[in-house]
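These notes are about the structure you will find just below.
The values are calculated or read from the model by the stated rules, or taken from the named source; none is laboratory data. What you see is a predicted model, and the numbers here were worked out from it, not measured in a lab. Positions of Cβ are generated from backbone atoms using ideal geometry, with glycine treated the same way; all protein chains shown enter the neighbour counts. When the accessible area is computed, the model is the full protein with side chains, heavy atoms only, and any ligands, DNA or RNA have been set aside. Shrake-Rupley method; radii C 1.70, N 1.55, O 1.52, S 1.80 Å.
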Amino acid sequence: MNDNAILELFSPSYATARRKFMDAAADRGLRIDSRVLDLPGAAGETLAIDVVLDGPAFASKLLVVLSGVHGVEGFCGSAIQTGMLRLGARAHPDTAVLHVHAINPHGFSHLRRVTQENVDLNRNFVDFSQPLPVNAGYGEIHEWLLPPSWPPGRDAESALAAYRDKHGERGLQRAIGLGQHAHPDGMFFGGRGPTWSNRTFRAILQHYGQRAREIASIDIHTGLGPYGVGERIFASFDGGVLPRARQWWGELTDVHAGSSTSIPMTGPIQTALFEECPQASHIGICLEYGTWPNERVMPALRADHWMHRHGADDGVQAVQIRQALKDAFYPDADDWKRAVWQQGRQACEQAVDGLQAPRASQS
């Protein structure tokens, strides 16, 4: 794929990204299974999770590629999925690739990281029949993160700095990002029940994943780490598959070992793979692309949540906040796009090839 073709994979909006993804599937003669959300997009366009199976319908080995779990982060994952469809999956008689495009289409279109319910989808896959996880740390800083006015005043920033001094940088990151279920208008809210995206993704897995005996997954994100670097974060609940994962993808980081730029979280989307496809073994990663330093990313995310919490989502400031959030998670730069594609293609091809190797020889 030449340089122009690589850059063309990327899109300025959800609607354009969706069209490119669907065109790539149609050009290959692949069926598009659209699960439509009954809400309008930012420009009035249709919102949907679009699913394309590239490979045999009865394959026992399945690679699931996910984009847009965090809405505005979907520009990156969509480009990788569209590129992989244009290339075509490596032909193996018992292996297929399942592209699940824009799992959070509302956030993708409206340039938000959360769903229409203000839920962080990667904190929503918990057992709601049980007592919900408690994040006391978030409760201590909620009002300082999203104060009445923006930009935040000295009191708010001083309070956050004091929390950081007491608990460390990692402690502050954990308090903010672990996930919380007590503040529906807050950040990283896990919800009070399964979201539409949660329910729809589970239905997709029930339809496409029941025949699989081995499932690999690549969940594509942006916003953490060095610019243009795709950190490969181990994302399986079975630690016994870690050596095999490293043989496929090389060096991996692990949130539970403290080696990742990310932190452990409550209710990640990989939970659905285990719960809806219990007959299959699972091996997966999150592919987390760095954009800008956290000093730029976190204020953009806070500003977006402040705007929606306080009903300030119109006027010049709102336009600036939305653009800043998009820029924080999607650098519109050719060098970044090239790096994203090269690493994304490699990770997908490594997974497909890895599925072919007998498990006994990889353990």
Paired Rg and Dmax values of the chain, which use every Cα atom, in angstrom: 19.7, 62
Charge dipole magnitude, Cβ of K and R +1, D and E -1 - the range 140-292, Cα centre, debye nearest 20: 380
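Can you tell me, using C-alpha contacts under 8 Å and at least 6 residues apart, the relative contact order of the chain as a whole percent?
Once normalised by length, the contact order is 20 percent.
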Phi-based couplings in Hz for the range 22-36 (Karplus 6.51, -1.76, 1.60; Gly and Pro marked x): 5, 5, 4, 5, 4, 4, 8, x, 8, 6, 10, 9, 9, 9, 7
Cut-off under 5 Å, modelled amide H: who pairs with His221 long-range: Leu287, Glu288, Tyr289
The range 234-301-the range 315-363 distance, computed between alpha-carbon centres (Å): 13
Pairs of lysines in the chain (C-alpha under 30 Å apart; 8 or more residues apart or interchain): 5
Helix 74-87 axis, angle to the chain major axis (alpha carbon atoms, nearest 10°): 10
HN-Hα J in Hz across the range 174-191 - Karplus 6.51, -1.76, 1.60, θ = phi - 60°, x for Gly and Pro: 5, 4, 6, x, 4, x, 8, 10, 9, 10, x, 9, x, 8, 6, 6, x, x
Amide hydrogen neighbours beyond the local backbone of Val64, cut-off 5 Å, H modeled: Leu98, Ala216, Ser217, Ile218
Probe 1.4 Å - accessible area at Arg86, Å² to nearest ten: 110
Peptides ranked, highest mean first, by Cβ atoms within 10 Å: ranges 127-135, 67-75: 67-75, 127-135
Degrees, to the nearest 10: 294-309 long Cα axis against longest axis of the chain: 70
Cα-centred dipole magnitude for the range 244-324, charges only on beta-carbon of K, R (+1) and D, E (-1), debye, nearest 20: 140
Length-normalised contact order of the range 251-348 in % [C-alpha pairs under 8 Å, at least 6 apart]: 21
Rounded percent of accessible protein surface that carbon and sulfur make up, the range 140-191, 1.4 Å probe: 54
